Amino acid sequence: MRKILLFCLITLHASYAQTNLRLWYDKPAEVWEEAIPLGNGKMGGMVFGKVRNERIQLNDNTLWTNQSKNGDNPEAAALLPALRDQIFKKKYGEAEATWRKMQGPYSSSYLPMADVELDFDHPADGPVDQYSRSLDLSTAISRVEYSIKGVKYTREYFISYPHQVMVIRLTADRPGGLGFTAKLSSTLKYKVSTAGNTVLMLRGEAPGYVASRPYYPEQVVYEGGMKFENRLTVWETDGTVTATDSTLRVEGATEAVLVIGGATGFNGFDQDPSLDPAVELQRIFKNVKEYEALKSGHLKDYESLFNRVSFYIESPEEQKKMTTDKRLRGFAENPTDYELQTQYFQFGRYLMIAGSRAGGRPMNLQGLWNDHLQPPWRSNYTININTEMNYWPAESTNLAECHHPLFNFIGELAQNGSKTARVNYGIEAGWVAHHNSDLWAITHPAGDFSRDKSYYPQAFCWQMGGAWLSLHLWEHYRFSKDKRFLKKKAYPLMKGAARFLMEWLVADPETGYWVTAPSTSPENMFSFEGKKYAITKGSTMDMAITRELFEAVVVASEVLNTDGPFRNEVKEKLAGLYPYRVGRFGQLQEWFEDTDDPRDTHRHISHLFGLFPGAQIDYTKDESLVRAAKITLAHRGDAGTGWSMAWKVNWWARLREGNKAQDMLVKAFNYMNPADKSVKMTGGGTYPNLFDAHPPFQIDGNFGATAGMAEMLLQSHTGVIQLLPALPSAWKTGHIRGLRARGNFEVDVEWKDGKLVSCRITSLAGETCRVAYEHSLQLQGSPVSGKTLTFKTRKGESYFLALNP
């Protein structure tokens, strides 16, 4: 790669200060939200690090109930004209009664798989010294170290993507000082057996049905459930291994290596789960190698992704010596531990690699990790914000490969969603998805038809899931400039989502604009004649998503030079969409009519979709909408659930309010005691293991905050690379290396005393580059200078910029 060198860069990348990437604790985990997560995009593990009775809780992201198939409602289409008529006549109560008859079953539930227990032969009365439990984010390896009566014990844990197994290495520094008993168990139905002296097997059956409400008469039904299997093997040891009917025993060892695998009967989203998991486990274990080969393969794979980005902010030294949980506890009172923030950023990237890999399923509400038989919200795919937020940092933080499980899932949704569009709405064109989905890629509206006494139309009546998800495909193209991907994968799915919306939109009899009807603003309600309602027409979020998708489809068809007539139809409808409105308080209206309440502090602020992740509200377009968005955020306040605060970080970053974005990050670092299981829908934060607290645990906030920090330092949604657009004054000196910008550029930025020092832009597609900063820039080796620079690039070459002297 040829380098175009700057006259004199003040700092070379090789000498950059580095962030400590080790999370560590001085005691074992007592509760699940203190345990350390490991994963390979299919298998998940939570390591507790207990001294005498170790627990590792396992998941497999294909282990779900099987209760949600065939959920399309054949009675719904005939009700749609009456529903729209009631909406247009403002008979909202009648409209919500009608919608209740148009729903389908709730989604299936994501399930825990198994537990590994290791009972060690430690003296019962021996004090434990020098205990340490850690996760190295740079290697995805967890370690537990401690001493008892002069013997040092070390454990090393990782889950390999190349070999699809969990590996545990146990050592003692005294010859023959290691002994333990290994067990397998499950929350689900299971039987344990052994094969020879070194193999422990668990064969299980998942429930086919888990109740969505605690008051349903049947809570757990095993009929029709999926089969699954786990295998634990003592792979290497210098000790003696014996077996009982249900345990393995290792004695007199100095070292032991355990290999753990899992498989289910899952056979595809549109098939019955009829595979034999034992066959898959045989294939997996056939490829298992000796420990050092397993570890080196794991490191080579993981580091090839993780090491693309480094992030450093100058921080006080005294806080770096504290355990991670103590640093988190002290952050609110003294929010100067910027290294903890950079660790949190990299923890989000770590979770992306651990939770979403090629060939696997996308991450759900809990990512990959769940220990509940009846998890919160069924641990499903909630696609009115949460699933999308999971993948916000995939492109910008240089983990595009981890985005692909979501793309494949969108293709599955499109298949089911075409049937839902036809059956539920009588629309033959395109595909639709509502607010919930699951392993089986359901697309019908949830709500359990009309049988559930609970009714939540503000969530259930939402037809925009497919359209929003399709924009992830477009963003991948914008970042990668992969025209083949656009042609073969993205555009057909985007077009299908747009075709549905073209038919779904109706002319509003009051204004003549095209609107959605029915329409909601996810999970919020509006006031009309003294009552609260959810279902209306033309909510701002609906129109913003429609506008964003239509604009993307137009440009995509132009790039591919295809579908000219369809493109013109989309342009015509785009021009007639109900526009943004600024309300009587100066706020961006959430609803078709100006019914917003400035005292409303609801966690969902969906009408700001056009600010982020959309690109319609920006200083370069209409500043009146920017001002209105600021007023909306002021009305809603800073408090919220974990994911809601993360979204606010991104909004304030797009508004170029770095200090306000940092304020939201500080609030997101609110320490949450995992022993307190009370569910509060406001006031989220972070658990000791750095999992996001809704509460309860939801992983979306982790990814939203990581994406938000990237947005604070680099933006490219307008087609211009904005350097340090929302740098908070607190982040005085630092650097970030390896972020990606649209146009397939990699960007390294260094700053000192709040000002840019140097920037390297590497062109990976040979696109023309436009870059901007608040002060004048100079492109090395060129007379080009100014606050906004435009220059042609060559694929594979790097370009250096600094402040204009």
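Between Glu767 and Thr336, what is the label-to-label distance in nm when each label sits 7 Å out along the Cα-to-Cβ direction?
Output for this residue pair reads 4.1 nm.
Consider all pairwise Cα distances in the chain and report the whole-number % of them above 40 Å.
Above the 40 Å cut-off, the chain has 36 percent of its Cα pairs.
Suppose R0 equals 41 Å; then what is the FRET efficiency for Lys787 and Lys419 from their Cβ-Cβ distance, rounded to the nearest 0.05?
0.20
Would you kindly state how much longer the chain becomes between Ser296 and Asp85 on full extension, computed as 0.36 nm times their sequence separation minus their alpha carbon distance, in nm to one decimal?
That pair, Ser296 and Asp85, stretches by 69.5 nm at full extension.
Taking the convex hull of the Cα atoms, report for the range 128-287 its projected area averaged over all directions, in nm².
Projected area, direction-averaged: 12.8 nm².
What percent do you get for the relative contact order of the chain when only Cα pairs under 8 Å and 6+ apart count?
13
Using a 1.4 angstrom probe on the protein heavy atoms only, line up Arg22, Arg742, Arg327, Arg737 by accessible area, largest first.
Ranked from most to least accessible, the order is Arg22, Arg737, Arg742, Arg327.
Tell me which lysines have Cα within less than 20 Å of Lys792's Cα, excluding those fewer than 8 residues away on the same chain?
Lys3, Lys481, Lys483
Under 8 Å for C-alpha pairs, at least 6 residues apart: give me the relative contact order for the range 32-152, rounded to a whole percent.
Answer for the range 32-152 is 26 percent.
In Å, what Rg and Dmax follow from the Cα atoms of the range 592-743?
Rg then Dmax for the range 592-743, in Å: 15.7, 48.
Put Tyr106, Tyr222 in order of accessible area, largest first, 1.4 Å probe: what do you get?
The residues order as Tyr222, Tyr106, largest area first.
Tell me, how many Å apart are the Cα centres for the range 718-737 and for the range 522-580?
The range 718-737 and the range 522-580 have Cα centres separated by 32 Å.
Projecting each Cα onto the charge dipole of the chain (Lys/Arg +1, Asp/Glu -1 at the beta carbon, about the Cα centre), which of Pro492, Trp731, His604 comes out farthest on the positive side?
The Cα lying farthest towards the positive end belongs to Pro492.
In the chain, with Lys and Arg counted as +1 and Asp and Glu as -1 at Cβ, which of these residues, His163, Gly239, Val259, has the Cα nearest the positive end of the dipole, that is, farthest along it?
Going by the Cα projections, it comes out as His163.
Suppose only helical runs count, i.e. DSSP H with n ≥ 4. What mean residue ellipticity at 222 nm does that imply for the chain under -39500 (n - 2.57) per run, divided by all residues and rounded to the nearest 500 deg cm²/dmol?
The helix contribution divided over the chain gives -8500 deg cm²/dmol.
Using a 1.4 angstrom probe and counting only protein chains, how large is the accessible area of Lys183 in Å², to 10?
Roughly 70 Å² of Lys183 is accessible to a 1.4 Å probe.
Give me the one-decimal nm value for the distance between modelled label points at Met322 and Asp272, 7 Å along each residue's Cα-to-Cβ direction.
Output for this residue pair reads 5.7 nm.
Given charges of +1 on the Cβ of Lys and Arg and -1 on the Cβ of Asp and Glu, with all other atoms neutral, how large is the dipole of the range 212-364 about its Cα centre, in debye to the nearest 20?
Around 320 debye, computed over the range 212-364.
Give the share of C-alpha pairs in each 5 angstrom bin for the range 483-537, from 0 to the last occupied bin, in whole percents, shortest bins first.
5, 16, 15, 15, 16, 12, 10, 6, 3, 2, 1
If you place +1 on the Cβ of every Lys and Arg and -1 on the Cβ of every Asp and Glu, how big does the dipole about the Cα centre of the range 698-755 come out, in debye to the nearest 20?
Taking the Cα centre of the range 698-755 as origin, the dipole is about 120 debye.
List the lysines whose Cα sits under 19 Å from the Cα of Lys732, skipping any in the same chain fewer than 8 residues away.
Hits, sequence-local ones excluded: Lys320, Lys660, Lys752, Lys755.
Could you work out how much longer the chain between Asn307 and Gln374 gets when fully extended? Use 0.36 nm per residue separation minus the Cα distance between them, nm to one decimal.
That pair, Asn307 and Gln374, stretches by 20.4 nm at full extension.
How would you order 260-273, 453-466, 309-322 from highest to lowest mean count of nearby Cβ atoms within 10 Å?
453-466, 260-273, 309-322
About the Cα centre, and with charges only on the beta carbon of Lys, Arg (+1) and Asp, Glu (-1), how big is the dipole of the chain? Nearest 20 debye, please.
The dipole of the chain has a size of about 1440 debye.
For a bin width of 10 Å, list the pair-distance distribution of the range 31-107 built from all Cα-Cα distances, rounded to whole %.
Bins of 10 Å from zero give 16, 24, 16, 14, 19, 9, 2 percent of pairs.
Taking all pairs of different Cα atoms in the range 405-468, averaging 1/r and flipping that mean, what Kirkwood radius in angstroms comes out?
12.1
Could you do me a favour and compute the accessible area per residue for the chain, 1.4 Å probe, result in Å²?
35
Projected onto the charge dipole of the chain (+1 at Lys/Arg Cβ, -1 at Asp/Glu Cβ, origin at the Cα centre), which of Gly466, Met322, Leu764 gives the Cα projection farthest towards the positive end?
Going by the charge dipole, the pick is Leu764.
Roughly what would the spin-label model give for Glu94 and Glu569, points 7 Å off Cα along C-beta, in nm?
Each label point is offset 7 Å from its Cα along the Cβ direction, giving 3.3 nm.
If you rank Lys787, Lys42, Lys795 by how much accessible surface each has, with a 1.4 Å probe, what is the order from largest down?
Solvent-accessible surface, decreasing: Lys795, Lys787, Lys42.
If you build the convex hull over the alpha carbons only and average its shadow over all orientations, what do you get for the range 307-452? Give it in nm² to one decimal.
If you wrap the Cα atoms of the range 307-452 in a convex hull and average its projections, you get 12.2 nm².
On a C-alpha basis, how far is the centre of the range 438-466 from the centre of the range 127-197 in Å? Whole number, if you could?
42
Regarding the range 453-596, what whole-number volume in Å³ per residue does the convex hull of its Cα atoms give?
Expressed per residue, the convex hull around the Cα atoms of the range 453-596 is 129 Å³.
For the range 744-805, which semi-axes, largest first and in whole Å, follow from the square roots of 5 times the eigenvalues of its Cα gyration tensor?
Semi-axes from the Cα gyration tensor: 19, 13, 9 Å.
Full-extension gain between Ser450 and Asp121, please, as 0.36 nm times their residue separation minus the C-alpha to C-alpha distance.
Stretched fully, the Ser450-Asp121 segment lengthens by 112.8 nm.
If packing is taken as the average number of other Cβ atoms within 10 Å across a peptide's residues, how do 341-350, 774-783 rank, most packed first?
Ranked from most to least packed, the peptides come out as 341-350, 774-783.
Radius of gyration and Dmax for the range 521-612's Cα atoms, expressed in Å?
Both quantities, over Cα of the range 521-612: 15.9, 52 Å.
The values are calculated or read from the model by the stated rules, or taken from the named source; none is laboratory data. This structure is a prediction, so every number in the text was calculated from the model and none was measured. Don't worry about glycine lacking a Cβ; one is built from the backbone with ideal geometry, like all the others, and counts go over all protein chains shown. SASA here: full protein model, heavy atoms, side chains in, ligands and nucleic acids out. Shrake-Rupley method; radii C 1.70, N 1.55, O 1.52, S 1.80 Å.
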